[in-house]
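The values are calculated or read from the model by the stated rules, or taken from the named source; none is laboratory data. All figures in this text were calculated on a predicted structure; none of them were measured in a lab. When we count neighbours, we look across all protein chains shown, and the Cβ atoms used for this are built from the backbone with ideal geometry, even at glycine.
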Amino acid sequence: MFRLSHNDPRPCGSGKKYMEIKLVTDSITKAELEELARARFGDMVKAVVDINKGIMAVGGELHADEEALLLEQGSKQENLWGINFYPDNSSGEWIEFNSMINIRPSQGNRSRGVEDESVRKSIREAVEKLVKE
Amino acid sequence: MPFQHQELAAGRWQELSLAEQMGNIGSEISRALRWRDNDQKLFIGAFDRALELLDLTISDSRWRGRLKELTRVREAVGDAFCGGSEYRTSFEDLNRYFFNFAIAARAHR
């Protein structure tokens, strides 16, 4: 996992700094996600997945900030999808496709969800590779 | 209770447009709606976040003079949580209301 700390300035030159968003290029454990959830929203971790590169940004307060980080790292917007992890959810439904950044009329996705089943499948596959038990 | 959205409360929220703010509040409303009937803890978590963000919007000095609708929405959100006994507000209604802002915020994406 590549970690961007509080004090890393954004490469866009805006002078703004990243908060606690983590770029996961290799792997992250479910326990780490649980820790992020506890530190942030209690039950949930926001993530943006690049289905082309197979990487994701996690732990931001806004999907839009995670999306910005990935775009600045060279991701293409059409490959980026917002999801939420509920690492502690015992019902087994721990990935939620619900983010404002998914509303993308240009790609025919007009809801916060991910309407194309094959895209949802690609997101799940990327997550499976990145998240270790 | 400390803010769940600490960075947003510290100023990041004030960098967003009104449509972006309302769209993000709507994301939590839609999550509350999703979990309402099958997970009370997640429902409350999403509802609390929606209210926290709505309060950040109401306290955003840029919207002084436009507060009438925002404070009314807050009342409606509270009403939905209490079962709609006052104004018959439902989470489905709120979800539709906020979703239009999300669409507006992402119109050119």
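Considering only residues that are surrounded by fewer than 15 Cβ atoms within 10 Å (Cβ to Cβ) and either among the charged types (D, E, K, R) or modelled with pLDDT under 90 (or both), which ones fall in the range A:96-109?
Residues satisfying the conditions are A:PRO105, A:SER106.
Within the range B:1-23, which residues are facing another protein chain (nearest Cβ under 7 Å) and in contact (Cβ under 8 Å) with a residue 60 or more places away in the chain?
Within the range B:1-23, just B:GLY23 meets the criteria.
Suppose we keep only residues that are modelled with pLDDT of 95 or more and out of contact with any helix residue (DSSP H, G or I) (no Cβ under 6 Å at 6 or more places or on another chain) within the range A:35-55. Which one would you say is nearest to the other protein chains (Cβ to nearest Cβ)?
Out of the qualifying residues, it is A:ALA47.
Listed here are the residues, each with its yes/no results for (1) acidic (Asp, Glu); (2) in contact with a Gly (Cβ under 9 Å, 6 or more places away or on another chain); (3) without any contact (Cβ under 8 Å) to a residue 24 or more places away in the chain.
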{"position": "A:ASN52", "(1), (2), (3)": "no, no, no"}
{"position": "A:MET56", "(1), (2), (3)": "no, no, no"}
{"position": "A:GLU61", "(1), (2), (3)": "yes, no, no"}
{"position": "A:LEU71", "(1), (2), (3)": "no, no, yes"}
{"position": "A:SER75", "(1), (2), (3)": "no, no, no"}
{"position": "A:SER99", "(1), (2), (3)": "no, yes, no"}
{"position": "A:GLU117", "(1), (2), (3)": "yes, no, yes"}
{"position": "A:ARG120", "(1), (2), (3)": "no, yes, yes"}
{"position": "A:GLU128", "(1), (2), (3)": "yes, no, yes"}
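How many of the residues in the range B:42-95 are out of contact with any Leu (no Cβ under 7 Å at 6 or more places or on another chain), within 14 Å of chain A (Cβ to nearest Cβ), within 20 Å of B:GLN21 (Cβ to Cβ) and not aliphatic (A, V, I, L, M)?
5
Take the residues in the range B:24-41 that are facing chain A (nearest Cβ under 9 Å) and touching a residue at least 24 places away in the same chain (Cβ under 8 Å); name whichever of them is nearest to the chain's Cα centre (by Cα).
B:GLY26
Could you tell me which of the residues A:GLU133, A:GLU125, A:GLU93, A:GLU66 is of a type in the set (D, E, K, R) and surrounded by 16 or more Cβ atoms within 10 Å (Cβ to Cβ)?
A:GLU66
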